[in-house]
Structures are given as C-alpha cells and as structure tokens.
1. Hey, fewest Cβ within 10 Å first, where do S65, S41, S91 land in order?
2. Taking neighbour counts of Cβ atoms within 10 Å as a proxy for exposure, in what order, fewest first, do D92, D7, D38 appear?
3. With a 10 Å Cβ neighbour count serving as the proxy for reagent exposure, in which order, fewest first, do M64, M23 appear?
4. Who wins for biggest fluctuation among L26, L77, L39 in a Gaussian network model of the chain, springs between alpha carbons below 10 Å?
5. Once you've got the Cα coordinates, tell me which of K25/K53; K9/K102; K49/K102; K13/K56; K9/K53 are over 24 Å apart.
6. State the answer as a single residue: which of A31, L15, T46 lies farthest towards the positive end of the charge dipole of the range 1-52, with beta carbon charges of +1 for Lys and Arg and -1 for Asp and Glu, about the Cα centre.
7. Restricting attention to the alpha-carbon atoms of the range 1-71, what are Rg (one decimal) and Dmax (integer), both in Å?
8. When only C-alpha pairs under 8 Å and at least 6 residues apart count, what is the relative contact order of the chain, in percent?
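Any read-out appearing in this document is the output of simple, stated calculations on the displayed coordinates, not a laboratory observation. Just so it is clear, the model here is predicted, and its values are computed rather than measured. Every residue, glycine as well, gets a Cβ built from its backbone with ideal geometry; the counts of neighbours run over all protein chains shown.
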Amino acid sequence: MGVNESDWKLFRKRLPEWQERHMGKLVREYAGILAGPDLASDKFWTLEKRIRKDKKHVGVVAEMSRSEMFFNLLELLRDGVITLEELDGFSDELRELCAEHK
C-alpha cells in the first residue's frame, strides 16, 4: 500500500503523542508493581522482564518509515494504544483498511 503525503505527515505528528500517553500508562503500571507487597528482588525482576517486553512495542518505539506506517498503526490499534476514532484526519482509504484489519 502506498502512503500518501498527508497521512505520513499526520502519522509523524501524532505518533509521539500516542507513545507518550502509552508510556505514561506503562509507568503507572510499573509504579503499581513497585508499590506492591512482594520482595524487592521479586519486584525488580518482574519490572525488568516487563520493561524488556514493553520496549519492543510500537507504543514505545517505532520504525519510522513509510513502508511500516500501516503496520505500526495496526499494532497500535491491536495493542489498545489508540482507537479507530483517533485516526480522524487520515485518509478514508487508510482508516477503512485499518478498521478492516484491526
């Protein structure tokens, strides 16, 4: 799928906002782990494992290329980082494809 210029610009603009919001959610979840009743060593290893897993998701880090944009949007949708409503402003074609493949 080719990516039109306006979709690409909008994606580049919104992705950092979406990632920041998602990472804020993760940090709150991490704080819950740290505040729990477990032993310090258990908290540490639980948190380390979780961060290792989370940092591989598009909601934290994304390959910024036009060829990956559609797949990045799908992953953001599937992971609950964004909703279909947050694709307002993108082309009808792209929104329809995302809704179809979500």
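1. Ordered by Cβ neighbours within 10 Å, fewest first: S41, S65, S91.
2. Fewest-to-most Cβ neighbours within 10 Å comes out as D92, D38, D7.
3. M64, M23
4. Its mean-square fluctuation being the largest, the pick is L39.
5. K49/K102; K9/K53
6. L15
7. Every Cα atom of the range 1-71 included, Rg and Dmax give 16.3, 52 Å.
8. Normalised by residue count, the contact order of the chain is 34 percent.
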